[in-house]
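Just below is one structure, and these are the notes that go with it.
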Amino acid sequence: MIQVDARGLLCPLPVIELAKAAKGAAPGTELTVTCTDVAARLDVPAWARMTGHTFVGEKETDGGAFALTVRLS
Amino acid sequence: MFLDASGSAPLTKRTIEAFQAGLAEGWADPARLHTESRRSLALLDGARAAFADALGARPEHVHLAPSAHLALERVIAGINAARRGRDRILASAIERDATLHAARHMTAGNVTLLPVDSLGHVDLDRLADELCVPDVALAAVQHGNHEIGTLQRLEAIADLTAAARVPLVVDATATLGHVPAPARWDAVVGNAADWGGPAGLGIVALRPSTRWLPVWPEGDDWAPGGVSVPGTLAAAVALQERLETMATTDARLRAMVDRIRTAAASWPGVDVVGDPDERLPHIVTFSCLYVDGEALLTSLDREGIAVGSGSACTSSTLEPSRVLASIGALSHGNVRLGLHPGVTEAQATRFLEVMPRIVARLREQAGAPAL
């Protein structure tokens, strides 16, 4: 499980941070990116679809941020 | 080069000449009783007859409004008002803000958004289910979408609304003058600027059977303060010109959009959206992974290329496009092209040369990983 803190970053930076963290990680690894930018809630699932990974789900965290989880293929 | 012709387009020579003739002949207030006024009124009536003809409506059921936005608002408010006892509006999730704002305002928020699939088509089963509840004042569905170009399956939609006796309001503001006018509607709305007329004219047609009540006490129910006579004349001429050249323009722009769609889909990390076949001939939208939409527009503008975008950072609200969100498309790095009839193959070629270079540079600057 890899955590990426992208709170305060605006699009497309949360997705870029997620993609950087995904580089070199083993298949099956779950990555969770925490963001405050609403666009990331659309763009993380879209990133997973476009890059062949799996979007697992979204959870609202304390302080109004969103934790978005993907599983690497 | 201007590749953002969705909602506005350069005026042709013929349209500008019509506007100038309108200024010379149609300067008087059409509501008065003298000869000058009657001349203005005759110009408006001639334009109205041309719109009626294009829409398959009767001239007395065609109304002019000072903007397409106001036209949508008045149609929704007035049909809703005539449907007493029914207090819910159905609208596709990708309708224009003007439609949704009016619907929410008139129903105190009692609006059900109909989901669309990944290509932008309304979920017909959901529409049928919602129409089973006898509280629906009207259904609002676009003819075609202004951002992704997808054309709705209006025949099937109108079959459902007609069977439920619910008025169907069709927003044709992105389609009139580009593809044949929709045949199935109880009310239809068009935007003159979108088909290459001057900005500042919305048109509405109602069926004789469509009940509509004025909601505002302003005398002229559709155009408080009136519409521009020269603008309306020029809009009718622009529409006429588009209709005369529709077949050849459609074939040329459709092929150009196909070329752009194919090229964009071959670039790494690019998501081309909208229905590839059931679509408007002139609109193409795609999103580029790891690219800031605002930087993309600015870079293209520096190259002399004007495009649109649905990315959050390019919008006044900093919210990503509701249309892109509804179809599950990538919302950042979004480019939306609207091709007007004057766009050349050479311009499309230049766009296709410049675009991947800018995307690569912006990705590098943002420190994005390789795709």
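The values are calculated or read from the model by the stated rules, or taken from the named source; none is laboratory data. Predicted model, so just to flag it, every value in this text is computed and none were measured. Positions of Cβ are generated from backbone atoms using ideal geometry, with glycine treated the same way; all protein chains shown enter the neighbour counts.
Descriptive notes on the structure:
- Residue check for B:Gly78: assigned by TED's automatic domain parsing to the domain that holds B:Val136 and over 21 Å from the mean Cα position of the chain (by Cα): no
- Check on B:Arg261, closer than 30 Å to A:Pro12 by Cβ, more than 20 Å from the chain's Cα centre (by Cα), part of a helix (DSSP H, G or I) and modelled with pLDDT of 95 or more: yes
- Within this structure, A:Gly57 passes the test of being under 23 Å from B:Ala329 (Cβ atoms) and either more than 11 Å from every other protein chain (Cβ to nearest Cβ) or in a helix (DSSP H, G or I) (or both).
- Yes/no for B:Pro10 being surrounded by fewer than 16 Cβ atoms within 10 Å (Cβ to Cβ) and within 19 Å of the chain's Cα centre (by Cα): yes
- Failed criterion for B:Ala52 (all others in (1) farther than 30 Å from B:Ser309 by Cα; (2) more than 21 Å from the chain's Cα centre (by Cα); (3) in a helix (DSSP H, G or I) hold): (2)
- When residues of the range B:118-131 are limited to those that are surrounded by 14 or more Cβ atoms within 10 Å (Cβ to Cβ) and of a type in the set (Asp, Glu), the one farthest from B:Ala162 (Cα to Cα): B:Asp123
- Only one entry of B:Leu362, B:Leu337 meets the criterion of being more than 8 Å from chain A (Cβ to nearest Cβ) and in a strand (DSSP E or B), and that entry is B:Leu337.
- Test: residue in the range B:280-302 that is touching a strand residue (DSSP E or B) at 6+ places or on another chain (Cβ under 6 Å) and aromatic (Phe, Trp, Tyr): yes
- Taking the numbered list (1) in a strand (DSSP E or B); (2) closer than 19 Å to B:His282 by Cα in turn, B:Ala238 passes all entries but (1).
- The set of residues in the range B:256-269 being more than 14 Å from chain A (Cβ to nearest Cβ) and touching an Asp or Glu at 6+ places or on another chain (Cβ under 9 Å) consists of B:Met256, B:Arg259.
- Candidate set: the range B:270-285, residues that are in a strand (DSSP E or B) and more than 14 Å from chain A (Cβ to nearest Cβ); chosen: the one farthest from A:Asp43 (Cα to Cα): B:Arg279
- The range B:241-258 - residue that is closer than 23 Å to B:Thr285 by Cα and among the hydroxyl-bearing types (Ser, Thr, Tyr) and, of those, farthest from the chain's Cα centre (by Cα): B:Thr248
- Inside the range B:298-314, residues that are assigned to a helix (DSSP H, G or I), more than 14 Å from chain A (Cβ to nearest Cβ) and in contact with a helix residue (DSSP H, G or I) (Cβ under 8 Å, 6 or more places away or on another chain) make up a count of 2.
Table: residues versus (1) buried (at least 22 other Cβ atoms within 10 Å of the Cβ); (2) farther than 30 Å from B:Glu36 by Cβ; (3) modelled with pLDDT of 95 or more; (4) among the hydrophobic types (A, V, I, L, M, F, W, C).
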| site | (1), (2), (3), (4) |
| --- | --- |
| B:Trp216 | no, no, no, yes |
| B:Val229 | yes, no, yes, yes |
| B:Leu239 | yes, no, yes, yes |
| B:Asp250 | no, yes, yes, no |
| B:Ala255 | no, yes, yes, yes |
| B:Gly274 | yes, yes, yes, no |
| B:Asp277 | no, yes, yes, no |
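- For beta carbons closer than 9 Å, sequence separation of 6+ or different chains, a first residue in the range B:107-136 that is at pLDDT below 95 and a second that is loosely packed, with under 13 Cβ neighbours inside 10 Å, there are no qualifying pairs.
- Check on B:Val116, over 16 Å from the mean Cα position of the chain (by Cα) and closer than 11 Å to B:Gln142 by Cβ: yes
- Any hit, the range B:186-202, residues being out of contact with any Ser or Thr (no Cβ under 9 Å at 6 or more places or on another chain), surrounded by fewer than 24 Cβ atoms within 10 Å (Cβ to Cβ) and over 20 Å from B:Val237 (Cβ atoms): no
- For the condition in a helix (DSSP H, G or I), under 12 Å from the mean Cα position of the chain (by Cα), within 10 Å of chain B (Cβ to nearest Cβ) and buried (at least 21 other Cβ atoms within 10 Å of the Cβ), A:Pro14 qualifies.
- Out of A:Asp37, A:Asp43, one residue alone is part of a loop (DSSP other than H, G, I, E, B) and within 12 Å of chain B (Cβ to nearest Cβ). It is A:Asp37.
- Candidates in the range A:27-50 are the residues that are surrounded by fewer than 17 Cβ atoms within 10 Å (Cβ to Cβ) and of a type in the set (Ser, Thr, Tyr); of these, the one that is nearest to B:Gly333 (Cα to Cα) is A:Thr36.
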